[in-house]
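The values are calculated or read from the model by the stated rules, or taken from the named source; none is laboratory data. A quick note: this is a predicted structure, and the numbers were derived from the prediction, not measured. Cβ sites come from the backbone with ideal geometry, for glycine too, and all protein chains shown count toward neighbours.
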């Protein structure tokens with residue numbers, strides 16, 4: 001006789017329902033703190049993913065060997081290449097706000113306008129922000145002639161229309177362009193030059209500071225005209241131009257003395273001295289001149305004689321000798337060193 005099986009009292013849901021509902025839900029005791037989520041994984045940076053690769057040499061036998069072997073043999077950059085890369089990194093120092101550089105010389109004929117032009121072109125070429133060079137020479141300056149050949153619209157027109165300038169497009173109507181560098185010409189009528197007073201310079205400079213990160217002022221010769229007072233009142237740094245001659249070096253040193261005596265000791269101490277070497281003599285001890293200025297200022301740069309610059313005509317960067325280009329790059333790096341420690345103003 002078959003054995004009778006008693007019916008199972010549990011329902012199907014009680015026996016198998018948990019398989020549909022998933023794992024049992026547990027509750028966190030009230031006194032146990034909630035666990036924070038795991039930290040997000042850091043982003044992968046390019047320098048962590050790419051294998052190190054030697055930079056392509058720029059010149060000399062290293063460049064020749066690299067090119068002849070299709071890059072399979074790469075001796076890497078020379079000391080000069082590494083020096084240039086270091087200068088470029090300094091030139092590209094981040095800048096917040098506006099920085100105003102005054103290029104000045106008490107003596108004419110030492111290359112002040114050339115230095116202002118070269119500095120402006122170098123900074124604008126290697127940086128991504130906006131740069132402008134302003135000719136504040138009260139005696140019909142030649143900055144625009146050297147850079148763009150266009151001096152039809154000058155700072156005088158900008159002053160006359162200052163209240164109507166409200167956008168970048170408005171400002172650009174009063175400047176000409178040399179590469180990426182904006183150029184604001186000086187008043188070309190010598191009889192009207194004295195009208196460019198301190199208060200007018202400051203108004204123009206303040207306007208430019210709203211649209212440009214770097215403002216280079218070619219301040220003209222002399223230290224007592226009204227525009228110079230405004231230039232120094234607004235300057236964040238100063239470049240003093242001289243020459244490796246008795247009179248050129250002596251005037252540059254006296255310019256530093258004048259700055260100290262007239263309340264600009266900070267600008268004098270942090271200045272960069274540029275020695276324009278168009279004039280030189282074997283009778284001059286250039287080493288002693290360099291040492292003199294190195295004890296007084298933050299940096300000294302020698303701009304070598306360059307046949308293209310010596311013509312006094314329009315400057316074409318492609319026609320400059322490599323040593324001249326390197327000297328302007330060194331000057332730009334010294335100026336940019338002050339960007340992250342700049343005074344206000």
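This table checks each residue for (1) under 14 Å from residue 339 (Cβ atoms); (2) free of Cβ contacts under 8 Å to residues at least 60 places away in the same chain; (3) surrounded by fewer than 22 Cβ atoms within 10 Å (Cβ to Cβ); (4) in contact with a strand residue (DSSP E or B) (Cβ under 7 Å, 6 or more places away or on another chain).
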| position | (1), (2), (3), (4) |
| --- | --- |
| 93 | yes, no, yes, no |
| 104 | no, no, no, yes |
| 110 | no, no, no, yes |
| 113 | no, no, no, yes |
| 118 | no, no, no, no |
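Regarding residue 159, is this residue touching a residue at least 40 places away in the same chain (Cβ under 8 Å) and assigned by TED's automatic domain parsing to the domain that holds residue 229? Write out each step before concluding.
On the way: touching a residue at least 40 places away in the same chain (Cβ under 8 Å): yes; assigned by TED's automatic domain parsing to the domain that holds residue 229: yes.
Taking the combined requirement at face value, the residue satisfies it.
Would you mind telling me which numbered condition in (1) free of Cβ contacts under 8 Å to residues at least 60 places away in the same chain; (2) over 20 Å from residue 183 (Cα atoms) residue 88 fails? Answer for residue 88: the failing condition is (1).
Of the residues 120, 141, which is at pLDDT below 90 and assigned by TED's automatic domain parsing to the domain that holds residue 268? Quick ask: steps written out before the conclusion?
Values: 120 fails: at pLDDT below 90.
The match here is 141.
Only one of the numbered conditions (1) out of contact with any helix residue (DSSP H, G or I) (no Cβ under 7 Å at 6 or more places or on another chain); (2) surrounded by 15 or more Cβ atoms within 10 Å (Cβ to Cβ); (3) at pLDDT below 95; (4) closer than 19 Å to residue 219 by Cα is violated by residue 249, and that is (1).
To keep it simple, each residue is scored yes or no on (1) at pLDDT below 95; (2) farther than 16 Å from residue 242 by Cα; (3) surrounded by fewer than 18 Cβ atoms within 10 Å (Cβ to Cβ).
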| residue | (1), (2), (3) |
| --- | --- |
| 281 | yes, no, yes |
| 285 | yes, no, yes |
| 303 | no, no, no |
| 308 | no, yes, yes |
| 311 | yes, yes, yes |
| 320 | no, yes, no |
